[in-house]
Amino acid sequence: MMRFIMIPAVLVAVLAAPRHHALAATIELAGTGQFQVQSKGTLEPDARVYRSLDPPAAFLVFTAAFPRPVYVTTAPRSARLIDPKRVSQDSADPDLVRVDTSGSQEGFLSVRVDGANLVVDRDGITMTLTASRPVLGDRTLEDVTRVLPEYRRNATRYRPDPRALETLRGLQQPTELIVFFGSWCPHCERVMPRLVRVLQDVDSAAITVTFHGVPPGEAQDPLADEYRITGLPTAVVRRGGKELTRIVGDGWDAPESSLAAALAGKPAR
Amino acid sequence: MTNHASWPVRRGAASRAVGRDRLEAGAGSLAARLLGLVLLIAAWAKALDPELFAIQLGELAPLPSPVAYAVAIAAIGFEAGLGMALLLGWRHPAVLLLANATFVSFTGVVVWHLVGGGEPAGGCGCFGQLLERTPRQALWEDLGFVALSGLAWLGRTPRSAVPRWRPVAIAAISGVALAVCAPWLPLDDQATALAPGVGVGATRLEEVVPELRAGHHLVVLLDRADPASTDSVARLNERLKLPGGPTPVWGVAEDDPELAAAFLWTAGPAFEVRSAPRRMLRRLHRSLPRSALIDGGRVVATWTGLPGDRDLDALARGELP
């Protein structure tokens with residue numbers, strides 16, 4: 001009789017027991033431009049870095065230094081080579097991958113911290129994961145979306161107001177946009193992709209855009225000083241060599257509407 | 001007869017003259033006392049966080065930090081003394097000249113901010129973090145004070161030049177004493193924009209963490225270069241059972257990409273740490289780390305450092321301490 005009670009009880013206990021988070025998790029990671037990879041002491045421009053969407057931060061790095069992708073966790077700090085079969089790309093979002101971290105944990109690499117660098121090493125082969133240098137100076141729309149996957153990904157998720165887009169598509173007079181931003185600025189990462197999406201959707205020859213990357217901290221930027229930029233991001237809208245308006249603050253909630261409202265019916269001076 | 005006939009006219013003129021003198025004296029005295037009050041409040045606001053005032057002075061003139069701090073303490077004492085002198089109606093020409101010079105210099109600083117394209121919003125003007133104003137708003141306010149300091153010259157009498165050395169000295173010494181002791185006094189809520197009852201919009205934290213507008217959250221302001229902040233991360237991870245605890249935790253730290261990476265590798269926060277501009281962050285603390293509990297978009301509690309173990313345990317259970 002006891003056996004009839006004990007066996008189901010043990011089974012229930014085993015099934016209900018809490019399992020280790022890392023042993024049964026699928027981690028979602030998105031492409032990031034905030035981190036870069038160095039292997040053999042040189043920057044690896046073609047390396048792809050993905051960062052977990054939820055904390056604690058984890059990274060998936062595709063690097064030439066190792067034959068398989070490297071999965072890095074920060075809490076606890078560890079790095080291991082991961083079977084590519086455990087990595088799947090989202091069918092709708094090319095910048096989103098999922099890593100199955102369940103099952104046996106092997107292929108560990110040694111990890112050490114050197115200032116801002118996380119150095120991953122195996123048998124003398126090293127890969128360094130570190131903060132990207134800020135994107136500085138004048139850039140095109142294509143540059144920005146290429147080097148900052150966060151902008152590319154957030155742009156695809158923004159839904160601009162179709163009426164404002166129509167207004168912008170109908171613009172005939174040449175209009176210039178100078179967009180001051182910081183690639184290191186989290187607020188820019190949230191709102192700038194909206195403008196990126198608007199510019200991609202409008203795709204008008206009448207609108208020329210220059211993205212201008214500003215350095216972080218107290219470092220000076222001559223162009224930002226010339227335009228007296230006091231906050232990021234700021235889009236300066238110009239026509240006929242003269243400033244018409246700026247998109248700042250709440251104007252970034254729906255940049256297409258801000259832009260359409262400012263430009264509709266305004267002749268070049 | 002002629003004298004008698006003209007008497008009422010002369011009496012009226014004299015009466016009007018006396019009335020005008022009284023009006024001038026009253027206006028001058030009121031202006032001086034108002035300015036005195038303004039200066040005392042301004043001295044109090046600066047004395048609560050003299051380090052911030054020293055940083056602001058350092059932005060105006062390239063002073064080494066210890067010198068800027070000493071100048072800040074002296075300026076607070078001066079402001080408190082001058083404020084008390086004016087509040088008591090001591091309108092000696094030297095006192096009024098000092099008041100004129102002080103308010104003109106305040107205005108000059110604001111103009112300098114405007115011309116130099118300073119912060120679009122922030123603790124501009126003489127009230128430090130007590131009032132959030134743009135340089136333009138601060139300019140109008142300071143121009144008003146300059147006008148008042150001019151009005152304070154009106155209707156001076158021999159009585160208004162009677163010295164009030166003792167209360168002035170007491171005010172100046174008290175201002176200096178408060179400024180010197182303030183870092184060790186529990187005045188974070190009074191000295192910063194992060195205090196119970198304040199909305200997250202007013203703290204500007206919602207610009208960095210929009211999620212704070214709803215629900216309850218623990219926000220921890222961190223210095224990524226400070227070991228105390230690194231240690232506090234381990235304690236938060238453990239006590240709040242992160243990741244996945246019932247209370248969302250957000251770290252907020254200065255926007256330095258290299259420090260952010262180093263902090264990520266060394267501290268291993270199991271919560272998101274977002275970056276904020278230094279100026280924005282400095283309004284919210286006197287020392288780091290500093291924590292705040294946000295509920296429904298309002299600050300409900302603050303702690304210098306981290307919440308105590310009992311409070312952290314309550315948060316780990318999803319309860320408000």
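Along the stretch A:80-94, what does the Karplus equation 6.51 cos²θ - 1.76 cosθ + 1.60 (θ = phi - 60°) give for ³J(HN,Hα), rounded to whole Hz, x for Gly and Pro?
8, 6, 10, 5, x, 5, 7, 9, 10, 8, 5, 5, 9, 10, x
For a protection proxy built on the mean count of beta-carbon atoms within 10 angstrom, sort B:274-287, B:299-312 highest first, please.
Order by mean packing, descending: B:274-287, B:299-312.
If you take each beta carbon of peptide A:229-238 and count the beta carbons of other chains within 10 angstrom, what is the mean?
The mean count of partner-chain Cβ atoms within 10 Å per residue comes to 2.
At 1.4 Å probe radius, can you tell me the per residue accessible area of the stretch A:10-131 in Å²?
52
Using DSSP to call loops (not H, G, I, E or B), can you name the GluC sites (Glu not before Pro) in the stretch A:169-246 whose Cβ has at most 12 other Cβ atoms within 10 angstrom?
Of the GluC sites (Glu not before Pro), the ones in loops of the stretch A:169-246 whose Cβ has at most 12 other Cβ atoms within 10 Å are A:Glu218.
What are the membrane-span-like helices in chain B by this rule: whole DSSP H runs, Cα extent along the axis at least 30 Å, mean Kyte-Doolittle hydropathy at least 1.6?
Sorted by number, the helices that extend far enough and score high enough are B:65-87, B:93-115.
Relative contact order, percent, of the stretch A:10-131 when contacts are C-alpha pairs under 8 Å separated by at least 6 residues?
Reported relative contact order: 25 percent.
Roughly to the nearest percent, how much of the accessible area of the stretch B:18-185 is carbon and sulfur, given a 1.4 Å probe?
Solvent-exposed carbon and sulfur of the stretch B:18-185 make up 74 percent of the total.
How crowded by other chains is A:73-82, given as the mean number of beta carbons from other chains within 10 Å of each beta carbon?
Mean inter-chain Cβ contacts per residue within 10 Å come to 3.
Let me know the whole percent of all Cα-Cα pairs from the stretch B:200-316 that are separated by more than 25 Å.
Here the tail beyond 25 Å accounts for 13 percent of pairs.
Taking the C-alpha atoms of chain B, how large are the radius of gyration and the largest Cα-Cα span, Dmax, in Å?
Cα radius of gyration and Dmax of chain B are 25.7, 103 Å respectively.
What translational diffusion coefficient, to the nearest whole µm²/s, does the stretch A:10-131 have by Stokes-Einstein, given a Kirkwood radius computed over alpha-carbon pairs, a temperature of 25 °C and 0.890 mPa s viscosity?
Rounded to a whole number, D works out at 162 µm²/s.
How much net charge surrounds A:Phe211 when only other residues with a Cβ under 12 Å from its Cβ are counted (Lys, Arg +1; Asp, Glu -1)?
Taking every Cβ under 12 Å from that of A:Phe211, the sum is -1.
Could you tell me what a quarter of the Cα convex hull surface of the protein assembly as shown works out to, in nm² with one decimal place?
For the protein assembly as shown, averaging the hull's shadow over all directions gives 42.2 nm².
Can you work out the accessible area per residue across the stretch B:200-316, with the rest of the protein chains kept in place, probe 1.4 Å, in square angstrom?
In whole numbers, the stretch B:200-316 has 36 Å² accessible per residue.
Hey, can you find the accessible area per residue of the stretch B:18-185 for me, probe 1.4 Å, expressed in square angstrom?
For the stretch B:18-185, the solvent-accessible area averages 49 Å² per residue.
Averaging over every viewing direction, what projected area does the convex hull of the Cα atoms of the stretch A:118-269 cover, in nm²?
Approximately 10.5 nm², given one-decimal rounding.
Take peptide A:47-57, look around each residue's Cβ out to 10 angstrom, count Cβ atoms belonging to other protein chains, and average those counts.
Going residue by residue through A:47-57 and averaging, the value is 3.
Please turn the phi angles of the stretch A:233-247 into ³J(HN,Hα) values with the Karplus equation 6.51 cos²θ - 1.76 cosθ + 1.60 (θ = phi - 60°), one per residue in order, whole Hz, x for glycine and proline.
x, 9, 10, 9, 9, 10, 9, x, x, 10, 6, 9, 6, 10, 9
How many Å² of accessible surface get buried when A and B come together, counting both sides, probe radius 1.4 Å, rounded to the nearest 100?
It comes to approximately 2000 Å² buried between A and B.
Taking all protein chains as present, what is the carbon and sulfur share of the accessible area of chain A, in % to the nearest whole number, probe 1.4 Å?
After summing per-atom areas, the C and S share lands at 54 percent.
The values are calculated or read from the model by the stated rules, or taken from the named source; none is laboratory data. Small disclaimer: the values here were computed from a predicted structure and weren't measured. Positions of Cβ are generated from backbone atoms using ideal geometry, with glycine treated the same way; all protein chains shown enter the neighbour counts. Accessible surface is based on the protein model in full, side chains and every heavy atom, while ligands, DNA and RNA are left aside. Shrake-Rupley method; radii C 1.70, N 1.55, O 1.52, S 1.80 Å.
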